[in-house]
Structures are given as structure tokens and as C-alpha cells.
1. Going by what's in this entry, would GLY102 be described as in a loop (DSSP other than H, G, I, E, B) and touching an Asp or Glu at 6+ places or on another chain (Cβ under 7 Å)?
2. I'd like to know if the stretch 3-25 contains one or more residues that are touching a strand residue (DSSP E or B) at 6+ places or on another chain (Cβ under 9 Å), closer than 19 Å to SER131 by Cβ, away from the ligand (no atom under 11 Å from the Cβ) and free of Cβ contacts under 8 Å to residues at least 24 places away in the same chain.
3. Residues of the stretch 62-110 being within 16 Å of the ligand (Cβ to nearest atom), among the hydrophobic types (A, V, I, L, M, F, W, C) and either more than 13 Å from the chain's Cα centre (by Cα) or more than 11 Å from ILE6 (Cβ to Cβ) (or both), which ones?
4. Which of (1) hydrophobic (A, V, I, L, M, F, W, C); (2) under 21 Å from MET129 (Cα atoms); (3) in contact with a Leu (Cβ under 6 Å, 6 or more places away or on another chain) does ALA90 not meet, given it meets every other one?
5. Out of the residues in the stretch 66-91 that are in a strand (DSSP E or B) and touching a Phe, Trp or Tyr at 6+ places or on another chain (Cβ under 9 Å), state the one that is surrounded by the fewest Cβ atoms within 10 Å (Cβ to Cβ).
6. Return the total of residues in the stretch 144-173 being crowded, with 18+ Cβ neighbours inside 10 Å and either in contact (Cβ under 8 Å) with a residue 24 or more places away in the chain or not in a loop (DSSP other than H, G, I, E, B) (or both).
7. Within the stretch 7-25, how many residues turn out to be surrounded by fewer than 18 Cβ atoms within 10 Å (Cβ to Cβ) and not in a loop (DSSP other than H, G, I, E, B)?
8. Report, by residue number, each residue of the stretch 134-165 that is β-branched (Val, Ile, Thr) and in contact with a Pro (Cβ under 6 Å, 6 or more places away or on another chain).
Amino acid sequence: MKISIISGSHRKVSQSEKVARFIQRTLEENAVCEEAWLFSLAANPLPLWDEGIWASDRDWEQRLAPISAELASSDAFVIISPEWHGQVPAGLKNFFLMWGKGELAHKPALIVTVSSADGGAYPVAELRMSSYKNNRLCYIPEQVIVRNVERVLNEDAAQNDTEADSYFRERIAYALNILKEYGAALGQVRASGAADLSVFKNGM
Ligand SMILES: Cc1cc2nc3c(=O)[nH]c(=O)nc-3n(C[C@H](O)[C@H](O)[C@H](O)COP(=O)(O)O)c2cc1C
């Protein structure tokens, strides 16, 4: 099992990436999967989508091919989104435009949202409403909203609110175990052939 984590903050230093690295360590230490790959959108590694992607532009192909290979070989995903102005950051929405060749299709994803205060619900709703139609990512019903993020999941225990920190560590481990089981289960859906992407290339 390979689980890939997408950290959706554009900031060079972000709380989302802190949470992403914590999740990567948890996956490895709890042996939830054999491989945990992390892709961070820090400093915008992907330019905004343009038609060159459809025209097999060489720069786009070179840029996307290594990421595409990592995604295509994944069984499940963790999508981490900070709440920015009550939204998912534009770079994360841009990321979802890139993958229409089945890299994410019919694979489960756990939504993890991040807020420095008591926000975090808006990006959950936005991801569930729009982000999966053509790439056909399957969000599982479990989700994690990391509120007051500066006070939890820090490596230095002195920076943590003890009660909130242990709650989020337990909750994340629980959600990752559920994600793993969906990862195994949805492999059967893809193997069945019923979800043949050549029949209807795009979702409705
Ligand atoms: C442009 C911007 C807008 C933000 N808007 C919100 C918001 O609407 N709601 C919220 O709870 N936090 C908001 N925040 C604070 C984030 O929750 C905080 O930065 C948190 O650390 C997650 O973002 P990060 O992963 O980029 O660090 C905003 C932060 C930025 C940079």
C-alpha cells in the first residue's frame, strides 16, 4: 500500500506542511502502509493550468511526469487544505486540474483541513463539492479538521496544548486506519473493470 499526502498551502513555511509531515511520520511509524509520499505545494511548484497540458507541451510533460507517476502508483491519498479566506487555496484547486488520466481515479482520499483558529469547515465543504469530478477521487466520509493548529502536533511538546494534541494524534491515527481499509477495498473496484475511464472520459 502506498499513500500519498498532498499539502495544499502555498506558503514556504506552513502549518499544513507541519501536519503533512506529522501524517507521513504516523503512516510510517504505525506501519499503515509500505510507502508514504509527500508532495507540497509550498512556493507553487506547479504553474497555473494552461492549454499546453492538452497539447502535450514538452515543459508541461517534464514537469508533470514524475508527479503523475507517484500519484498513479498510489492506492490512497491524504488531501491537506488550510482555510484561506474561507476557501481552499487556489494552488490546490489548480493541482486538481492536472490529473485527468486516471492517476487519482476511484482511489480513496482523507480530507484534513487546517485552521489557526476555529475555522476549517469551509474547505471540507468545498473539496467535497468541487475537486473530484473529472479526476474521480473518492473522498471517504471521515475527515479531520485541525483547529488551533499552532498548539497541536508540534515536535516540541512544550508548544502543545496537551489535551488537544493527544485528541488530534488519536483522531488522525484512527482516520488513517480507515483510509487504509478503503485503499484495499477500492482496489477491487478498479480491478473489476467497471470503472473503465475510456467509456466516459469525464465525470458528469
Ligand atoms: C491568505 C490567508 C487567509 C486566511 N484565511 C483564514 C480563514 O478564512 N479562516 C481561518 O480559519 N484561517 C485563515 N487563515 C489562517 C490559517 O488558518 C493559518 O495560516 C493556518 O496556519 C493554516 O494555513 P497554512 O497551512 O498556510 O499555515 C488564513 C491564512 C492566510 C495566509
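The values are calculated or read from the model by the stated rules, or taken from the named source; none is laboratory data. Computed from a predicted model, the values in this text were never measured in an experiment. Note: ideal-geometry Cβ built from the backbone for every residue, glycine included; neighbour counts use all protein chains shown.
1. No, not satisfied.
2. No, the stretch 3-25 contains no residue that is touching a strand residue (DSSP E or B) at 6+ places or on another chain (Cβ under 9 Å), closer than 19 Å to SER131 by Cβ, away from the ligand (no atom under 11 Å from the Cβ) and free of Cβ contacts under 8 Å to residues at least 24 places away in the same chain.
3. TRP84, VAL88, ALA90
4. Of everything listed in (1) hydrophobic (A, V, I, L, M, F, W, C); (2) under 21 Å from MET129 (Cα atoms); (3) in contact with a Leu (Cβ under 6 Å, 6 or more places away or on another chain), ALA90 misses just condition (3).
5. GLN87
6. 8
7. Residues that pass the stated criteria total 2.
8. Result: ILE140, single match.
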